[in-house]
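None of the figures in this text is laboratory data; all of them are computed from the coordinates on show. This one's a predicted model, so the numbers in the text were calculated from it and none came from an experiment. Positions of Cβ are backbone-derived with ideal geometry, glycine not excepted, and every protein chain shown enters the neighbour counts.
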Amino acid sequence: MRGAINILPRSVACKQVRIRVLCEVINQKGNATSREDVAIIKQLVEKFGKARIKRVSGDGEFGSKQLFEYLIKEAIDVHIRLKESHLAHRRSFKQLWTDASEKVKLRGKVAMKVFGWAIDISCVKYQKKEKTQYLIEASKECDKYAIEEYKVRWQIETMFGGLKSRGFDFEETHLTMPQKISKLLMLLGRGLCLAMLKGEVEVKKLKRVKLKLKKNKRYAKSLFRIGLDSLQNVLLNSKTEAKYKQLQVFIDLLSCA
């Protein structure tokens, strides 16, 4: 039986995608522990310094007393989603807001004690598939744009899409050893950066491709996809003089990565 593999990436938001800067791969089923979350954030602080960290964003699975305690004591801003079951004033958020009207928006104006700390809460209550849903966002300080800014977290899905089926097909390697997975992710991270850079050159400098918005206000093709397609075209046609010159440029860029 294949053992459980848990990949714990820590990434930075850049041009509508997340770029992995640290990653830990462990043989563990389920989510990381609070201790592991804090340990990886500490690595970021040690490598880059607190001054370069604008804020830490994360899903509800990262909401814990230990993580909030560390970030608040270190004066690092947070945008972390909370669960309906998390307690505030000894009651769950679901119990507190059951009677609130639909589409209510509490934009960082509600200060509550969560995990023993005074935290500013933003919340949107809405219906999805005939079920009441809550988007509850915790901030260290009052921020009326916390809900909108939290959406940056979803750029990590763009990163995973690029690493998986919409890009490098990482899962098709069927690797199971954490050390090998970690090394491969490091290489793919560089490939992701190179593809993003090439996509930006194609769109902004050479203007060969135009970014087209769909009705859902998402781009039909991302910078990553545009860059990856261009890179593949160069590699598969490198025997021609023009493509060979482009390949040399890519090699120079990669040597600086």
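Computed values, structure above
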| quantity | calculated |
| --- | --- |
| Estimated FRET transfer efficiency (Arg91, Gln66; beta-carbon r; R0 25 Å; 0.05) | 0.70 |
| For the range 6-153: relative contact order, % (alpha-carbon pairs under 8 angstrom, 6 or more apart) | 18 |
| Residue-span extension gain [Thr176 to Lys164] - 0.36 nm each, minus C-alpha spacing | 2.8 nm |
| With 5 Å bins from 0: P(r) over the chain, alpha-carbon pairs, percent | 1, 5, 11, 14, 15, 14, 13, 11, 8, 4, 2, 1, 0, 0, 0 |
| Square roots of 5 times each gyration tensor eigenvalue, C-alpha, the range 6-153, largest first, Å | 26, 17, 16 |
| Partners for Lys131 among lysines (Cα-Cα distance below 28 Å; same-chain residues under 8 apart left out) | Lys83, Lys94, Lys103, Lys105, Lys109, Lys113, Lys144, Lys151, Lys214, Lys215, Lys217 |
| Sum of side-chain charges, Lys183 neighbourhood, beta-carbon under 14 Å (Lys, Arg +1; Asp, Glu -1) | +2 |
| Label point distance in nm, Lys210-Lys245, each placed 7 Å from Cα along Cα→Cβ | 2.7 |
| Computed over the chain: relative contact order in percent, which uses C-alpha pairs under 8 Å that are six or more apart | 14 |
| Test item: Cα-centred dipole of the chain, Lys/Arg +1 and Asp/Glu -1 on Cβ, debye | 820 |
| Whether the range 164-256 is rounded, prolate or oblate, judged on the alpha carbon gyration tensor where a/c under 1.5 counts as rounded | oblate |
| The range 21-68: trypsin sites (Lys or Arg not before Pro) in DSSP loop, at most 10 other beta carbons within 10 Å | Lys29 |
